[in-house]
1. Within the range 37-53, which residues are part of a helix (DSSP H, G or I) and open to solvent by 40 Å² or more (accessible area, probe 1.4 Å)?
2. How many residues does the range 63-104 contain that are hydrophobic (A, V, I, L, M, F, W, C), in contact (Cβ under 8 Å) with a residue 60 or more places away in the chain and within 26 Å of residue 164 (Cβ to Cβ)?
3. Please tell me if residue 60 is modelled with pLDDT of 95 or more and in a helix (DSSP H, G or I).
4. List pairs: first in the range 192-218 and farther than 22 Å from residue 108 by Cβ, second open to solvent by less than 90 Å² (accessible area, probe 1.4 Å) and in a loop (DSSP other than H, G, I, E, B), Cβ under 6 Å, 6+ apart or cross-chain?
5. Which of the numbered conditions does residue 89 fail, given that it passes all the others? Conditions: (1) under 22 Å from residue 127 (Cβ atoms); (2) open to solvent by 10 Å² or more (accessible area, probe 1.4 Å); (3) among the hydroxyl-bearing types (Ser, Thr, Tyr).
6. So is residue 196 under 21 Å from residue 31 (Cβ atoms) and not acidic (Asp, Glu) or not?
7. Is it the case that the range 60-76 has a residue that's among the small types (Gly, Ala, Ser), farther than 25 Å from residue 121 by Cα and crowded, with 18+ Cβ neighbours inside 10 Å?
8. So, of the residues in the range 1-36 that are assigned to a helix (DSSP H, G or I) and among the aromatic types (Phe, Trp, Tyr), which turns out to be surrounded by the fewest Cβ atoms within 10 Å (Cβ to Cβ)?
Amino acid sequence: MIFSSDRKRALSGWLLCYDDALFHKSLKLQKFLFFYEMISKSKGEMAEFKSLTGYENGPVFGDVYGEYTYEWQDFLEDSKKTFNNLKETIDYNIAKTSAFLVKILTETELSELTHSFNVWNCKESQIYAGIKNVRLSEQDISDEDLEKIRILSTMYSDELIESSEIIEFNGKSFILPKDEMKFLKEDTYDILMKLSEIDDLVNPIYINLTEEGTVLVD
């Protein structure tokens, strides 16, 4: 049985079509939905926080989590159908920005980031005390929360998102121009693997490739 809103299923269906690897990771889907709603609210647009619940990994839309976990096939199919029926209701720029944020950060980084929002950390003591179904309220979204999400959403321009490719290794995300993907050589991945082991390189890592396949770290 489906309990989540058409809006959440349409957004989930968009992510499935845009980047199914993100959709197939429950935590990343949840962070995508959270960022989408937070960015929408920060822009003064309609936002929906129904069923937002505090989990140790951060804010979670409980109805989506339940369907994703226990009604997987129904949720999968209904998300596709709802997205196809409601494509015009989605702000594609906000969706792409939210997906980009989710893609370039690890699950641990995403959890730590969402822990910093007042809407979650004002209930932190209850969540860590093991209380089940701690409801998070839209009323607890602070001005600082909205400013934080505004800053995050403007760090990566639409042009950058559209023109970039992301390669992931060992929890590190390497961002490079799409038109440089043709310069990838057999040993490029070995180089990226070694770079991913350098602790001082913090996500995301911007790189360029020369025609000879040389990796340049910005």
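The values are calculated or read from the model by the stated rules, or taken from the named source; none is laboratory data. In this text the structure is predicted, and so the values were computed from the model without any measurement. Heads up, the Cβs are rebuilt from the backbone with ideal geometry, glycines too, and the neighbour counts pull from every protein chain shown. Ligands, DNA and RNA are excluded from the accessible area calculation, which covers all protein heavy atoms including side chains. Shrake-Rupley method; radii C 1.70, N 1.55, O 1.52, S 1.80 Å.
1. Here is the first cut: in the range 37-53, the ones part of a helix (DSSP H, G or I) are 37-42.
Across the range 37-53, the qualifying residue is only 41.
2. Summing the residues that are hydrophobic (A, V, I, L, M, F, W, C), in contact (Cβ under 8 Å) with a residue 60 or more places away in the chain and within 26 Å of residue 164 (Cβ to Cβ) in the range 63-104 gives 8.
3. Details: modelled with pLDDT of 95 or more: yes; in a helix (DSSP H, G or I): no.
Taking the combined requirement at face value, the residue does not satisfy it.
4. 213/185
5. Of everything listed in (1) under 22 Å from residue 127 (Cβ atoms); (2) open to solvent by 10 Å² or more (accessible area, probe 1.4 Å); (3) among the hydroxyl-bearing types (Ser, Thr, Tyr), residue 89 misses just condition (1).
6. Working: under 21 Å from residue 31 (Cβ atoms): no; not acidic (Asp, Glu): yes.
No; evaluated as a whole, the condition is false for this residue.
7. First, the residues of the range 60-76 that are among the small types (Gly, Ala, Ser): 62, 66.
Remaining after also requiring farther than 25 Å from residue 121 by Cα: none.
No, the range 60-76 has no match at all.
8. Step one: filter the range 1-36 for residues assigned to a helix (DSSP H, G or I), giving 6-18, 20-23, 26-36.
Then keep just the ones that are among the aromatic types (Phe, Trp, Tyr); that gives 14, 18, 23, 32, 34-36.
On the way: 14: 26, 18: 15, 23: 21, 32: 27, 34: 26, 35: 24, 36: 26.
In this case the residue turns out to be 18.
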